[in-house]
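> Quick one: structure below, then a few questions.
Just so it is clear, none of the values below were taken in a lab; they were calculated from the coordinates. Everything numeric in this text was worked out from a predicted model, so none of it was measured. For neighbour counting, all protein chains shown are included, and Cβ atoms are generated from backbone atoms with ideal geometry for every residue, glycine included.
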Amino acid sequence: MVLALTTAATAQGNRTKFAEDMYQAKHEMIIEELGLTPTQQKQFMPLYEQMEREIYQVNRNARALAAEVEKKKNPTDRDYEAAASALSRTRIQEGEIEAKYFEKFSKILTKKQLFLLKQAEVKFTRQMISKKKKR
């Protein structure tokens, strides 16, 4: 029992460390790709991290609802509908969050940097997918 708990805690710790490393790498790439000045970094990165947390929470809530349905022995159509709806709405909610932060970012970043931000995010995602495929 102790071994199982230790193994689970270590696995959780490894996932947390991986997530932290991934976010750090992403943030470093964004800083580099956008050519942020130190002043811009101080203003932009806390907002960007806040946006990421909000998006993460939206997705986490939808996944939790879906997991609840999967665990049920006899989920109802209402259960399936609620989970499917929550999962479907995540993209809309993500877009709303991004739009809210775009306004804030536009007070810190140049027009070119705003454009480069989306490209940097896509580039990072592609790199992560490519690395995963190579494993």
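> What does the charge count near PRO75 come to, summing +1 for each Lys or Arg and -1 for each Asp or Glu among other residues with Cβ under 13 Å from its Cβ?
-1
> Where a ≥ b ≥ c are the square roots of the eigenvalues of the C-alpha gyration tensor, would you call region 79-122 rounded, which needs a/c under 1.5, or, failing that, prolate if a/b is larger than b/c, or oblate?
In terms of gyration-tensor shape, prolate.
> Hey, what did the chain get for relative contact order, percent, Cα under 8 Å, at least 6 apart?
35 percent
> When only DSSP loop residues count, what trypsin sites (Lys or Arg not before Pro) in region 17-104 have their Cβ near at most 13 other Cβ atoms within 10 Å?
Hits after loop and neighbour filter: LYS72, LYS73.
> From the alpha carbon gyration tensor of region 45-109, can you work out the equivalent ellipsoid semi-axes (sqrt of 5 times each eigenvalue) and give them in Å, largest to smallest?
For region 45-109, the ellipsoid semi-axes come out as 32, 11, 4 Å.
> I've got another one for you. I need the phi-derived Karplus couplings for region 61-75: 6.51 cos²θ - 1.76 cosθ + 1.60, θ = phi - 60°, integer Hz, Gly and Pro marked x.
4, 5, 5, 5, 5, 5, 5, 4, 5, 4, 6, 5, 6, 9, x
> Per the helix-only calculation at 222 nm, which mean residue ellipticity applies to the chain, given -39500 (n - 2.57) for every DSSP H run of n ≥ 4 and division by its residues, nearest 500 deg cm²/dmol?
It lands at -32000 deg cm²/dmol.
> Here is a further query. Sorted from largest to smallest, which semi-axis lengths in Å does the alpha carbon gyration tensor of the chain give for its equivalent ellipsoid, taking the root of 5 times each eigenvalue?
They are 32, 22, 14 Å, listed largest first.
> How high is the FRET efficiency between THR76 and GLU33 when r is their beta carbon distance and R₀ equals 35 Å, given to the nearest 0.05?
0.15
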